[in-house]
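Q: Provided herewith is a single structure, encoded as structure tokens, for subsequent inquiry.
The values are calculated or read from the model by the stated rules, or taken from the named source; none is laboratory data. The structure displayed is predicted, hence computed values, not measured ones. Positions of Cβ are generated from backbone atoms using ideal geometry, with glycine treated the same way; all protein chains shown enter the neighbour counts.
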Amino acid sequence: MLDSAQRSLLLVDHTKFGKSATHAYGAIGQYDRVVTDRGAPAGELAEFARRGVSVEVVDA
């Protein structure tokens, strides 16, 4: 689905960062934009930006 989409958004709150999962929803570089809340770790957000992914931090 990510490969066929015109734009891809990842909506994720701060509680999901730093966790392991049994499955993944794509690599960081496959997303155009990440939307998260203010509790997200700055280092993780910087990594998104470093890989060219736009980051939007919103109030929860």
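Q: Out of the residues in segment 8-52 that are modelled with pLDDT under 90 and among the β-branched types (Val, Ile, Thr), which is surrounded by the fewest Cβ atoms within 10 Å (Cβ to Cβ)?
A: Taking the candidates together, the pick is THR22.
Let's see how each residue does on (1) in contact with an Asp or Glu (Cβ under 6 Å, 6 or more places away or on another chain); (2) part of a helix (DSSP H, G or I); (3) hydroxyl-bearing (Ser, Thr, Tyr):
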{"site": "SER4", "(1), (2), (3)": "no, no, yes"}
{"site": "ARG7", "(1), (2), (3)": "yes, no, no"}
{"site": "THR36", "(1), (2), (3)": "no, no, yes"}
{"site": "ALA49", "(1), (2), (3)": "no, yes, no"}
